[in-house]
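S.K.: One structure, pasted below without further comment.
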Amino acid sequence: MFEIRFFVPAEVLAGELSQRTASAREYLASFDALRPRILKVATAAYTATRSSTIILGLEHFR
């Protein structure tokens, strides 16, 4: 068994939120709402790179 780490920057989660005033609760709610899309993008990114650490930037979600 091995571990693959995916990082999702705050700018991805922010969407309509103001990054300066968004609360942790708002970021968590955004993550929950985006979870199906994050999983899809993460799967595609891993398939393309096979890296153990992947940062899912805005470009992955376009």
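S.K.: Return the only residue of T47, T43, T53 being touching a strand residue (DSSP E or B) at 6+ places or on another chain (Cβ under 9 Å) and surrounded by fewer than 14 Cβ atoms within 10 Å (Cβ to Cβ).
M.R.: On the way: T47 fails: touching a strand residue (DSSP E or B) at 6+ places or on another chain (Cβ under 9 Å); T43 fails: touching a strand residue (DSSP E or B) at 6+ places or on another chain (Cβ under 9 Å).
T53 is the lone residue from the list that is touching a strand residue (DSSP E or B) at 6+ places or on another chain (Cβ under 9 Å) and surrounded by fewer than 14 Cβ atoms within 10 Å (Cβ to Cβ).
S.K.: Quick one: would you say T21 is loosely packed, with under 11 Cβ neighbours inside 10 Å and at pLDDT 95 or above?
M.R.: Numbers: loosely packed, with under 11 Cβ neighbours inside 10 Å: yes; at pLDDT 95 or above: no.
So T21 does not fit the description; no.
S.K.: Between a first residue in the stretch 34-62 that is of a type in the set (K, R) and a second residue that is at pLDDT below 95, which pairs have beta carbons less than 8 Å apart while being 6 or more apart in sequence or on different chains?
M.R.: R37/F61
S.K.: OK, next. Scan the stretch 2-11 and tell me whether some residue there is out of contact with any Ser or Thr (no Cβ under 9 Å at 6 or more places or on another chain), part of a helix (DSSP H, G or I) and surrounded by 12 or more Cβ atoms within 10 Å (Cβ to Cβ). First the steps, then the outcome.
M.R.: Of the residues in the stretch 2-11, the ones out of contact with any Ser or Thr (no Cβ under 9 Å at 6 or more places or on another chain) are 8-11.
After this cut, where a residue has to be part of a helix (DSSP H, G or I) as well, the list is 10-11.
When the remaining residues are screened for being surrounded by 12 or more Cβ atoms within 10 Å (Cβ to Cβ), the result is none.
Taking every residue of the stretch 2-11 in turn, none turns out to be out of contact with any Ser or Thr (no Cβ under 9 Å at 6 or more places or on another chain), part of a helix (DSSP H, G or I) and surrounded by 12 or more Cβ atoms within 10 Å (Cβ to Cβ).
S.K.: Could you give me the residue pairs with C-beta distances under 9 Å whose first residue belongs to the stretch 1-27 and is closer than 14 Å to G57 by Cβ, whose second residue is β-branched (V, I, T) and surrounded by fewer than 15 Cβ atoms within 10 Å (Cβ to Cβ) wherever it lies, and which are 6+ apart or on separate chains?
M.R.: Once the first residue is closer than 14 Å to G57 by Cβ and sits in the stretch 1-27, its partners that are β-branched (V, I, T) and surrounded by fewer than 15 Cβ atoms within 10 Å (Cβ to Cβ) give F6/T53; F6/I55; F7/T53; F7/I55; V8/I55; P9/I55.
S.K.: Hey, S30 hits all of (1) at pLDDT 95 or above; (2) among the polar types (S, T, N, Q); (3) under 13 Å from the mean Cα position of the chain (by Cα) but one; which does it fall short on?
M.R.: With respect to (1) at pLDDT 95 or above; (2) among the polar types (S, T, N, Q); (3) under 13 Å from the mean Cα position of the chain (by Cα), S30 is out only on (1).
The values are calculated or read from the model by the stated rules, or taken from the named source; none is laboratory data. Source: prediction; values computed, not measured. Using ideal geometry, Cβ is built from the backbone for each residue, glycine included, and neighbour counts are taken over all protein chains shown.
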